[in-house]
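Here is the structure we will look at, set down as structure tokens.
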Amino acid sequence: MGKCCYCSFGWVSLVLGLILLIGGLVVQLAVMPPMITSTLDDFKVLGLNPDGTPNDFTQAWVSPNYIASTEFYVFDYANTGGIMNRGSYPDMDEKGPYNYKTAITNEVVSWGEDGETVNYYQKFVYYFDKDNSCKGCDPKVDTVKVPDIIYQLIVNILPTKEICRKPAKDSLDEKICDMVNDDLLDNIEKGGILFSLLNIEPFITVTVDQLLFSGYTTPIVDSLKEADLFAFTFLNDQPEVQWAVGNLSEALGQVPINYIQNNNTLDFYYTADTGKSNPARTGFVTGFTGTPDYPSSEDGKLPLKWWDAKVDDRYCPEQFAEKARKIDGTIGDFYQSYITKQTEIPIYISDICRTVTLSYGSDINVKGVDGYRFTFGDDVFNSKLADNCGYCKELPRDFHSLPEGSRCLPSGYLDLSGCMSIPIPDYGDLALPVIASLPHFHMTDGETKFAPRFKPTDDDAPTIDIEPMSGTLLNAQEKMQINLYIGQSRHTAFNSLKVQRSGAYPLFWLNKTALIDQNDLNMLNQSMAPMNIVPIICWSAVGVGAALLVISIILFCCSCSGKKDKKDE
């Protein structure tokens, strides 16, 4: 073939190769990202159509189509005698799962005048799912023996000589201790003996349904009534305190204790960003409004009584104390678009009354869709980090090897007593001694042998799987364990608390799951199809262009070689 042919093909290959290479790179790197971002941003905004109807995204958000369920695993204490009398480690049987189909809806209350915010209730309805629960399990029949929360409240409230030396200002202890004298304190110590004589124990047998949903009332009050000691008559030489403690006991006796208090109810509403000005913040919670029994956020921050860390530059500087009260992120129903492996995702989790930040864990595939799995980092519940000092509370009793008065629980535990309380007439809110952890004490410090049969694994960690380009939730498993804080104290009048080991006594753990359904999966695949095809075309063009450039170089080399050979002749 003549040199002219080589040159002609070379120039054609060069020009066409450059066009394909440069064009493919420009479209893929410069044209497509803003185009896709603009398309997704226009879609992911909560709001109304011009005719006043909810837009497509809002309709999908109001009635999510995720396959949602909640699995509960409850603990049944098998050695309560050993725990109370010999200081044995707790030995528990784990029962479950008790599976509940969970219907979730977001009910709009109002829109902000400028369309930048939306006020809404989130409603949960739980339906027991027999088919996906443990074989033969019936939550209204099955019983478990667990620590009685009200028992712990009473023994924590009754003053002791130690407490009355320096009661906390404006506390219930101070109110009662103001009326206390040495004779009364001696009588209060007899209260521990009274509880023993009446066979009032720190453990109670309840049905699974009572523990989780319908609630139970403590038998303590009934026992005192039967013994004609309802007003704690061992305090009969102090009628004012006799009335105070008796009134408190009566009030506690009427309070149903259960975990799921919002089944098919609307307790408070959120205020969230619609994403109108910044689609990256669509659904981000900015505050919430409560009821008389549930506090509201304060100036866009969590209530002070939830995380009221004492500001002390030697312990918890103000910026870290305020960080604990920050409300950030969505409530976990959807996420921003264009997520990368370096993205940190904030989520406000109402179950633990705080925001947590998730980080990339691994690549994942859910129903044929590639995604990223995000998990709790090791630092989320790490109480040793300065960033987390705002979640610490002074320990009211010993906890494992930590003495009463220590600044914080060991890493892996979260004290929820500030945000979990029950309203009592004439006394205000009484904090429940509740501690959260991951199931089976996964990633906790302290005495890991406290529950000898627990074998924590990575399967106990919460995970969230997200399609990164659209921010669509593919699968979520929100796992948490609820424990009762029982602390040993040498100052108590109750003998069991002098013997019983201190620590977090598990009540149950749960796994809230949300899996994308087939209809949403089909819609996701349809919407992602053009976004997936265009990159293939672009990179194919880049590949072909690069190949043509190589061919042009070869042709030019052949042409030059032909010229040289002819000159040598």
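When residues in the range 270-288 are screened for being buried (at least 22 other Cβ atoms within 10 Å of the Cβ), part of a strand (DSSP E or B) and not hydrophobic (A, V, I, L, M, F, W, C), 2 of them pass. Given the criteria at pLDDT 80 or above and either of a type outside the set (A, V, I, L, M, F, W, C) or out of contact with any helix residue (DSSP H, G or I) (no Cβ under 8 Å at 6 or more places or on another chain) (or both), does residue 331 qualify? No: the conditions fail for residue 331.
Consider the range 362-378 and keep the residues that are buried (at least 16 other Cβ atoms within 10 Å of the Cβ) and of a type in the set (Ser, Thr, Tyr). The one that is farthest from residue 471 (Cα to Cα) is 375.
Somewhere in the range 483-494, is a residue polar (S, T, N, Q) and at pLDDT 85 or above?
yes
The single condition among (1) in contact (Cβ under 8 Å) with a residue 24 or more places away in the chain; (2) closer than 22 Å to residue 503 by Cβ that residue 81 does not meet is (1). Scanning the range 435-459 for residues that are in a helix (DSSP H, G or I) and in contact with a strand residue (DSSP E or B) (Cβ under 6 Å, 6 or more places away or on another chain) yields a total of 2. Scanning the range 106-126 for residues that are polar (S, T, N, Q) and more than 25 Å from residue 482 (Cα to Cα), we see that the one that is surrounded by the fewest Cβ atoms within 10 Å (Cβ to Cβ) is 110.
Applying the set (1) within 16 Å of the chain's Cα centre (by Cα); (2) under 30 Å from residue 59 (Cβ atoms); (3) open to solvent by less than 30 Å² (accessible area, probe 1.4 Å) to residue 344 leaves exactly one unmet item: (3). Screening the range 45-90 for residues that are among the aliphatic types (A, V, I, L, M) and in a strand (DSSP E or B) and picking the one that is least open to solvent (accessible area, probe 1.4 Å) gives 74. Inspect the range 93-105 for any residue being in contact with a Pro (Cβ under 8 Å, 6 or more places away or on another chain) and either of a type in the set (D, E, K, R) or crowded, with 18+ Cβ neighbours inside 10 Å (or both) and give the result as yes or no. Checking the range 93-105: at least one residue is in contact with a Pro (Cβ under 8 Å, 6 or more places away or on another chain) and either of a type in the set (D, E, K, R) or crowded, with 18+ Cβ neighbours inside 10 Å (or both). Would you tally the residues in the range 383-405 being surrounded by fewer than 16 Cβ atoms within 10 Å (Cβ to Cβ) and closer than 16 Å to residue 315 by Cβ? Selection size over the range 383-405: 6. Counting only residues that are aliphatic (A, V, I, L, M) and open to solvent by 10 Å² or more (accessible area, probe 1.4 Å), the range 324-338 holds 2 of them.
The set of residues in the range 99-119 that are β-branched (Val, Ile, Thr) and either closer than 30 Å to residue 208 by Cα or free of Cβ contacts under 8 Å to residues at least 60 places away in the same chain (or both) comprises 102, 104, 105, 108. Please specify each residue of the range 447-469 satisfying the condition of being closer than 22 Å to residue 368 by Cα and in contact with a Ser or Thr (Cβ under 6 Å, 6 or more places away or on another chain). Scanning the range 447-469 gives a single hit, 463.
The values are calculated or read from the model by the stated rules, or taken from the named source; none is laboratory data. Values in this document were obtained by computation on a predicted structure and should not be read as measured data. Cβ: placed from backbone, ideal geometry, glycine included. Neighbour counts: every protein chain shown. Quick note on the areas: whole protein, heavy atoms, side chains included, nothing else; ligands and nucleic acids left out. Shrake-Rupley method; radii C 1.70, N 1.55, O 1.52, S 1.80 Å.
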